[in-house]
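Before I ask anything, let me first share the structure, which is written out below as structure tokens.
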Amino acid sequence: DLTQAVALHPQYDAAFYIRGNAHRARNDIDRAIADYDQVIRINANFAAAWSSRGNAYFNKRNYDRAIADLSQAIRLNADDVLALNARGIAYGIKGSTDLAVADFEAVVRLEQAFAQRTPLVIFVDDVQWADLASLDVLHYAGRRWTETEIPALLILTMRSEALDGDAGLSDWLAGLGR
């Protein structure tokens, strides 16, 4: 039990981090943030805690706090594609298009670097739950991979009935191309 672990070892940052992720998975965002706060108090260089707390603030639609935390995660780990992507989406929501595009370009550059070592495989489960901003980022990345001839495989899964009620998702899928 993680609560016992943090009680027995209150300086064990990983236990707070894992418990924060469990809270976030249950959509208990405030408790997740509290645990990520504790991780950062214990270890200010724990990049994943900054990223996770940034994503939790994003879930609460507190985009300024999300951007601040995601920026710190990126300072600590410049290869954090997920933090760059989330920060780009947050910038886009706030209307900072130039900053959003810069982050999306950084994501594509990192993925290109990864793909030079080994083919790139992106797997998105239950794509019907993705927000339009995330779908747009995937579409953008796909176009860039095609333009730069990056070997990439995008695998999407979804519930078949999702296409019946979501014209936006159907249109997005039709626009993917090859």
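The values are calculated or read from the model by the stated rules, or taken from the named source; none is laboratory data. Keep in mind it's a predicted model, so treat the numbers as computed, not measured. Reconstructed Cβ throughout: ideal geometry from the backbone, glycine too, with neighbour counts over all protein chains shown. In case anyone asks, the SASA skips ligands and DNA or RNA and just uses the protein heavy atoms, side chains included. Shrake-Rupley method; radii C 1.70, N 1.55, O 1.52, S 1.80 Å.
I need a count of the residues in segment 4-60 that are of a type in the set (A, V, I, L, M, F, W, C), open to solvent by 70 Å² or more (accessible area, probe 1.4 Å) and modelled with pLDDT of 95 or more.
Within segment 4-60, the first condition is being of a type in the set (A, V, I, L, M, F, W, C), and the residues that meet it are 5-8, 14-16, 18, 22, 25, 29, 32-34, 39-40, 42, 44, 46-50, 56, 58.
Next, from what is left, pick out any that are open to solvent by 70 Å² or more (accessible area, probe 1.4 Å): 7-8, 18, 25.
Pick out the ones that are also modelled with pLDDT of 95 or more and you get none.
Here the count works out to 0.
Tell me, which helices (runs of 4 or more DSSP H) wholly within segment 61-173 include 1 or more residues that are open to solvent by less than 60 Å² (accessible area, probe 1.4 Å) and at pLDDT below 80?
Details: elements: 63-76, 81-93, 97-117, 132-147, 162-165.
It comes to 97-117, 132-147, 162-165.
Please identify the pairs in which a residue from segment 118-137 that is in contact (Cβ under 8 Å) with a residue 12 or more places away in the chain has its Cβ atom under 7 Å from the Cβ atom of a residue that is among the charged types (D, E, K, R) and open to solvent by less than 50 Å² (accessible area, probe 1.4 Å), counting only partners at least 6 apart or on another chain.
Going by the 7 Å Cβ cut-off, the qualifying pairs are Leu120/Glu111.
Which one of Ala130, Ala113, Ala68 is in contact with a strand residue (DSSP E or B) (Cβ under 8 Å, 6 or more places away or on another chain) and not polar (S, T, N, Q)?
Working: Ala113 fails: in contact with a strand residue (DSSP E or B) (Cβ under 8 Å, 6 or more places away or on another chain); Ala68 fails: in contact with a strand residue (DSSP E or B) (Cβ under 8 Å, 6 or more places away or on another chain).
Exactly one of Ala130, Ala113, Ala68 is in contact with a strand residue (DSSP E or B) (Cβ under 8 Å, 6 or more places away or on another chain) and not polar (S, T, N, Q), namely Ala130.
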